[in-house]
Amino acid sequence: MNEEYYLVTGDDKKGPYTLDELMDMDIDIHTEIITPLSDKPQYASELPELNDYFEAQGIYFPTEDNLAPFGKRIAAFFIDYFGIYIIVSNIATRTGWVTLPTDYRIGMPVPNSMLILTISVLTTFLIYNTICEATDLKGSLGKRIFKLSVVDIDGKRLSLPRAFLRNLGVTLSITIWIPFLSVYFSEHRQAWYDSLAKTYIISTP
């Protein structure tokens, strides 16, 4: 089969090119290409033969083979959440901003100091994860430890609004935990907030 690819820009069609020639042309995920198998233009991100090209640029598309397992996601979450909890609670108590009761027992009315600390931890968690996922890190420290990245369908880092929307869902889920189990019922291992924000967590080399 002839290896003939054509670049499409509007009504213009340029080519033919070989696959190697294409990869020397600095194409991006949204470059429209006609392949030897189809006369209909496709985005470069949709062509499996270009996966290695994009991975060399640090772009990993979510696939069935690289979707992150639930165990690693939970482990990364605990590292981030409890790390933030320890830091925030220490700062709050040492500065006198929050004074935690020493005689609190489950079933007793929750004191305002504990509510303030909880809100502070969750707010910090939301801001921290939003910033990390909206940068080239593509994820928090916990995710980096387990080589996980949060990406969109094109394998790119999230925009700030999308990262905020996703992590707002994560933060809300922390209050009752059960929503995290939605990962088990998702074809693409997405929690409900991943489906809402159209995001994926993938394992990277």
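The values are calculated or read from the model by the stated rules, or taken from the named source; none is laboratory data. Quick caveat, the model's predicted, so the values are computed rather than measured. Cβ placement follows ideal geometry from the backbone for every residue including glycine, while neighbour counts extend to all protein chains displayed. Surface areas here come from the heavy atoms of the whole protein model, side chains and all, with no ligands, DNA or RNA. Shrake-Rupley method; radii C 1.70, N 1.55, O 1.52, S 1.80 Å.
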Would you mind finding the one in GLU64, GLU49 that is in a loop (DSSP other than H, G, I, E, B) and open to solvent by 30 Å² or more (accessible area, probe 1.4 Å)?
GLU64
Which of the numbered conditions does LEU168 fail, given that it passes all the others? Conditions: (1) of a type outside the set (D, E, K, R); (2) farther than 24 Å from PHE82 by Cβ; (3) open to solvent by 60 Å² or more (accessible area, probe 1.4 Å).
(2)
Residues that are more than 15 Å from ASP80 (Cβ to Cβ) and modelled with pLDDT of 95 or more: does segment 125-133 have at least one?
no
Go through segment 140-161 residue by residue and tally those that are of a type in the set (S, T, N, Q) and surrounded by fewer than 20 Cβ atoms within 10 Å (Cβ to Cβ).
1
Out of the residues in segment 151-205 that are more than 14 Å from the chain's Cα centre (by Cα) and in a loop (DSSP other than H, G, I, E, B), state the one that is modelled with the lowest pLDDT.
TRP177
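Listed here are the residues, each with its yes/no results for (1) of a type outside the set (A, V, I, L, M); (2) open to solvent by 100 Å² or more (accessible area, probe 1.4 Å); (3) in a helix (DSSP H, G or I); (4) in contact with a His (Cβ under 8 Å, 6 or more places away or on another chain).
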| site | (1), (2), (3), (4) |
| --- | --- |
| PRO16 | yes, no, no, no |
| ILE29 | no, no, no, no |
| ASP39 | yes, yes, no, no |
| GLN57 | yes, no, no, no |
Neighbours by Cβ (under 6 Å, 6+ apart or cross-chain): first from segment 150-162, without any contact (Cβ under 8 Å) to a residue 40 or more places away in the chain; second open to solvent by less than 60 Å² (accessible area, probe 1.4 Å)
ARG157/LYS138; LEU160/ALA134; ARG162/ALA197
